[in-house]
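**Student:** I have a structure here, written as structure tokens, and I will follow up with some questions on it.
The values are calculated or read from the model by the stated rules, or taken from the named source; none is laboratory data. Only a predicted model underlies this, so the values are computations on that prediction, with no experimental measurement involved. Note that each Cβ is placed from the backbone with ideal geometry, even for glycine, and that neighbours are counted across all protein chains shown. Calculation scope for accessible area: heavy atoms of the full protein, side chains included, ligands and nucleic acids excluded. Shrake-Rupley method; radii C 1.70, N 1.55, O 1.52, S 1.80 Å.
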Amino acid sequence: MSDIRTSDVPDASTHTGFNEEELFNAGSHVPTVKALAAFLLAICIFVILIYYWLEGELGFNVPLLLAPILVLVMALVRAGHAIAATRILLWGILLATMAGSYGVSGLSTPALYLLPTLTMSAFWLLSRREAVMMFAVAALNASWQAYLQTHGWIPPISERTPLYYFLAIVCVMMAALLLGNAVAKNLASQYLKIRSMNQDLLDKQERLMHEVAERKEAEAHLKQSEEQLRLVMEGSDQGFWDWDIAAGTVERNRRWAEMLGYTYEEIKHTAQQWTDFIHPDDRALAWRSINDVLEGRTASHKAEYRMLHKDGSIRWILDQAKVMGRDEHGRPTRMSGTHTDITARKLLELDSLENSLRLKRILDNLFAYVALLDTSGVVQEVNNAPLDRAGYRREDVIGKYFYDAPWWNYDPDVRAQLMEAMNAAKHGKASRYDVVVKMGDDLVPIDFQIAPVRDGSGRIVGLLPTAVDITERKHLEDELNLQAHLDYLTGLDNRRSFMEKAEVELSRTKRYESALSVLMLDIDLFKQINDAYGHQVGDLVLKTLAETFQAVLRNVDIVGRLGGEEFGVVLPETTVDEAIEVAERLREIIAATEVALPAGLPIHFTVSIGVAAFSDQNTNLDMLLDKADKALYRAKKSGRNKVCI
């Protein structure tokens, strides 16, 4: 039998009729009872009609006789058809008897006999609305007939024939059938409700048993998980704590107690609170981290703080925890976490930090520039010297690639050279070179070197660039370079520099087959000037001559002091005639130049000049200078203050 749901049980307060199909499915035989009642009713009507037909009151109304026969046939064929045919028969008989009551036919007497039977049958066999309608029609008809009989318009029916008693018995039987059917309906309805409630109870019992089984299984898994967690905690050497926030209780494992020098029993029965074990200076930090989790600002609690050991010493603890349970409003109800003893690591870190601070203080007091890079070239640390010198901030360089720091990125070539040196250091090769870096608005020369940093196993773990400001050294080198190439008194090229530059210019002249001339000059009677006015005045004469060279000659011309009062001049791209003109102009200007003395009247001096010109590819510098020197000698012999070739 199929399952019956509570929703399938008909409700008398909401249904206008009873669902015969449901009763039939539940084991009721109401349709069969209705068919039987229709069958009896049809027999009753048939007997009445035969009786009146024999009495001669019906005449030959054959259709009235055929109607109950049709109902009987339908009842034998199918119960549903019999009920439908009976409905038609009832309405037909009612209308026919109503007509007969007023003399339309000879059915007035049968109408009175049939009315109770028709009405009672209608209430059961028809729908409720249709039965009420039929009852109303029959009642109105009976009332109207009574009214007519009272006024004598139709004769009263007083005789009680055997047919009357027969109909009374049929009505009682019909009433019994109706009462039995009502009882059957009620019992069937109660049966369905009880069956549905019983099924619901069975379903609830099954679900409850299933939930109980699931809960037992979950409890078993939880117990197993807790045991596994306990074993893991014991094996991992970690302390464990579980805080019931609502109850305000905390459970801890044995390792949690042992970290602080207590036994598990001492911790379990102690009246001390969690914060009592924390170093006073760290309590605010620990609570702040936990409150951040409880108030939803962070997902988990993680803090390193100091805890007080039973013997008075300090233990560093790594405390990590998460919220493990919440109520229906989302408020935390349970929080669990672990304690890890990190005292050894923390002491090493503190020792390393102290060493780092000590090293940093040393580096910050160095004038050298020192930085520490990782193997990818990112700046990890830098001392104060290069920052203070350039006016940079630590955040300008820390965490950035060294070659992108402002010292280097001002010039692509400087940056590329540094990257090449860093790459060499990554492969174990140190580099050192002089380079100009940008220090604020200044360009500063430094002696730079970079080398790899290795650990105890020889593995490269970083790069160490160092540098020294060599501005003073560069100035000294430049000065020494000038002293090596220039005459300290006149500022002109000395003999060595003059000869080097002259050789270069002569090679260019030969290569391009251009003109070149050389002048040799000597101050006339220079010894007498020194003797008469002193060496200080002699120096003024030499400086005045150098200034005249710079004023008269071109920038491309090469001038040098070859010794004492003797000077040489190389005139590129100059023919011999042009050289003579230059020499004459120099001679005249020098002769007209006054040398102001510290005291007394100014003095004048003259020069003698020898000229020589480049002639062929076989000519060298010594040959040209020799020719010019011989011409100078002739100029002096011929009276001085002259130009000779």
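**Student:** With all protein chains present and a 1.4 Å probe, how do Trp408, Trp274 order by accessible area, largest first?
**Tutor:** So, going from the largest accessible area down, we get Trp274, Trp408.
**Student:** Another one. Compare Lys637, Lys501 by solvent-accessible area with a 1.4 Å probe and give them largest first, with all protein chains kept in place.
**Tutor:** Most to least solvent-accessible, the answer reads Lys637, Lys501.
**Student:** Taking amide H atoms as placed 1.01 Å from N in the peptide plane, list the residues 5 or more away in sequence, or in a different chain, whose amide H sits under 5 Å from that of Asn641.
**Tutor:** Residues meeting the amide H criterion: Val607, Ser608.
**Student:** In addition: Relative to the present Cα-Cα distance, how much length would full extension add between Arg283 and Ile314 at 0.36 nm per residue of separation?
**Tutor:** 9.8 nm
**Student:** What residues qualify as long-range amide H neighbours of Val461, i.e. H under 5 Å apart, gap of 5 or more or another chain, H built at 1.01 Å from N?
**Tutor:** For Val461, the qualifying residues are Val453, Arg454, Asp455.
**Student:** Based on the inverse mean of 1/r over its pairs of different Cα atoms, what is the Kirkwood hydrodynamic radius of the stretch 432-548, in Å?
**Tutor:** 19.7
**Student:** Need one number: the % of Cα-Cα pairs in the stretch 526-645 sitting beyond the 16 Å mark.
**Tutor:** For the stretch 526-645, the fraction of Cα-Cα distances above 16 Å is 63 percent.
**Student:** Work out, step by step, the length gained on full extension between Thr606 and Ala551: first 0.36 nm times the residue separation, then minus their alpha carbon distance; give nm to one decimal.
**Tutor:** So the extension gain works out to 18.1 nm.
**Student:** How many angstrom lie between the C-alpha centres of the stretch 551-597 and the stretch 390-419?
**Tutor:** Value for the Cα centre distance between the two parts: 50 Å.
**Student:** Compute the distance in nm between two label points, each set 7 Å from the Cα along the Cα-to-Cβ direction, one at Val250 and one at Leu202.
**Tutor:** Roughly 5.6 nm, to one decimal.
**Student:** So, one more: Note down the nm distance, to one decimal, between modelled labels 7 Å out along Cα→Cβ at Glu266 and at Ser615.
**Tutor:** Between Glu266 and Ser615, the simple spin-label model gives 11.6 nm.
**Student:** Using θ = phi - 60° and the Karplus relation 6.51 cos²θ - 1.76 cosθ + 1.60, list the HN-Hα couplings for the stretch 437-447 in order, rounded to whole Hz, with x at every Gly or Pro.
**Tutor:** 10, 9, 10, x, 9, 9, 9, 10, x, 9, 8
**Student:** Which value, to two decimals, describes the C-alpha radius of gyration of the stretch 512-592 once divided by 2.2 N^0.38 Å?
**Tutor:** 1.18
**Student:** Quick query: amide H of Asp493 versus all other amide H atoms, modeled in the peptide plane; which residues come in under 5 Å with a sequence gap of 5 or more or a different chain?
**Tutor:** Here Asp487, Val559, Arg561 satisfy the definition.
**Student:** Using a Förster distance of 30 Å, how high is the FRET efficiency between Gln190 and His210, based on the Cβ-Cβ distance and rounded to 0.05?
**Tutor:** Taking R0 as 30 Å, the efficiency between Gln190 and His210 is 0.50.
**Student:** Right, another one. Report ³J(HN,Hα) in whole Hz for each residue of the stretch 494-509, in order, from the Karplus equation J = 6.51 cos²θ - 1.76 cosθ + 1.60 where θ = phi - 60°; Gly and Pro get x.
**Tutor:** The phi angles translate into 7, 4, 5, 5, 4, 5, 5, 5, 5, 4, 4, 5, 5, 4, 5, 5 Hz.
**Student:** If I take R0 = 30 Å and measure r between the Cβ atoms of Val468 and Ala344 in this structure, what FRET efficiency does the formula 1/(1 + (r/R0)^6) give, to the nearest 0.05?
**Tutor:** Efficiency computed from Cβ-Cβ geometry: 0.15.
**Student:** Kindly report, to the nearest 10 Å², the accessible surface of Val582 as traced by a 1.4 Å probe over protein heavy atoms only.
**Tutor:** Near enough 20 Å² of accessible area.
**Student:** How high is the relative contact order of the stretch 517-645, in percent, counting Cα pairs under 8 Å that sit 6 or more residues apart?
**Tutor:** 32
**Student:** Can you compute the radius of gyration and Dmax for the stretch 234-327, using only the Cα atoms, both in Å?
**Tutor:** Rg, Dmax (Cα atoms, Å): 13.3, 40.
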